Amino acid sequence: MHSLSHLLLLATLLILSLSIIHVKARGKTPSQLVEEVCSRTGDTSSFCTKTLESDPRTSSARDFRALAKIALDLAVTNSTKTEAYIKNMLKKNAKPGKLKSALESCVASYEETIISFRSALVEIDEDKMSANYDAKVAGDGPLQCDQALESAGVKVESISMANQITYRFSVIGVEITDLL
Ligand SMILES: *[C@@H]1O[C@H](CO)[C@@H](O)[C@H](O)[C@H]1NC(C)=O
C-alpha cells in the first residue's frame, strides 16, 4: 500500500518534470524572440535589438505577443515624446512662415501616427491583421513630416532623426505583428 502510493508519487513527479523540460525546450528565450524579430527588420544599426533589450519588461517576455506589446508600447511613448518636442519647437517659432507650416503639418502627422500605434497595441489581442495594418500606417506620419519639411525647404536635423526612429518603430511593429 505504501509502496504503491510512493510509486504513484514518483510517476507523477517524473511526468511533471518531463513536461517542464518539454515546455522549456519548445519555448524561446526573450533574446531569441528579439533576435528573430529584429533580423526581419533589415535594420543593420542594431536599433531594434538595443531598443527592445533596453526595456526591463523584455527579459520576461515569453512569446511574440508579449514582445509585440512592449514594442508598440515603446512606439506610442516615443512618438508621443517626439510630437511634444515638435509642438515645443512650434511654440518657439510662432512667426507665420514656411517653418511654422511645416511644423504644424508634422504635428498633424504625428497625431495620426500615435493613434495608429495605439490602435495596433490594442489590436494585438483582438485582431492581429488590423494590428499589422495599423503598425504599417503609423509609418506614414514620419514620412509625411519629412516631406513637409522638404517641400518647405527647411532642414531640422533633430526632427529628421526622430522621424527615422519613428519609422523604425513602425517597421518593428509590422514585423512583430506578422509573427503573431
Ligand atoms: C525614442 O527612442 C530612441 C531609441 O530608444 C531614443 O534614442 C530616442 O531618444 C527616443 N526619442 C524620444 C523623443 O524619447
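The values are calculated or read from the model by the stated rules, or taken from the named source; none is laboratory data. This one's a predicted model, so the numbers in the text were calculated from it and none came from an experiment. Counting neighbours? That spans all protein chains shown, and the Cβs are built from the backbone with ideal geometry, glycine included.
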Just give me the residues in the range 71-88 being crowded, with 16+ Cβ neighbours inside 10 Å and of a type in the set (A, V, I, L, M), in sequence order. A71, L72, L74, A75, V76, I86
Taking the range 126-180 as the region of interest, how many residues are within 15 Å of A75 (Cβ to Cβ) and more than 20 Å from the chain's Cα centre (by Cα)? 0
Exactly one of (1) charged (D, E, K, R); (2) at pLDDT 95 or above; (3) under 25 Å from A148 (Cα atoms) is unmet by E53. Its number? (3)
Of the residues that make up the range 112-130, is at least one assigned to a helix (DSSP H, G or I), touching a helix residue (DSSP H, G or I) at 6+ places or on another chain (Cβ under 9 Å), surrounded by 15 or more Cβ atoms within 10 Å (Cβ to Cβ) and of a type in the set (K, R)? yes
Condition met for K100 (assigned to a helix (DSSP H, G or I), basic (K, R) and surrounded by fewer than 17 Cβ atoms within 10 Å (Cβ to Cβ)): yes
Considering the range 50-70 alone, what residues qualify as being within 11 Å of the ligand (Cβ to nearest atom) and surrounded by 14 or more Cβ atoms within 10 Å (Cβ to Cβ)? T51, L52, E53, D55
So which residues in the range 28-49 are more than 16 Å from the ligand (Cβ to nearest atom) and within 15 Å of F169 (Cβ to Cβ)? R40, G42
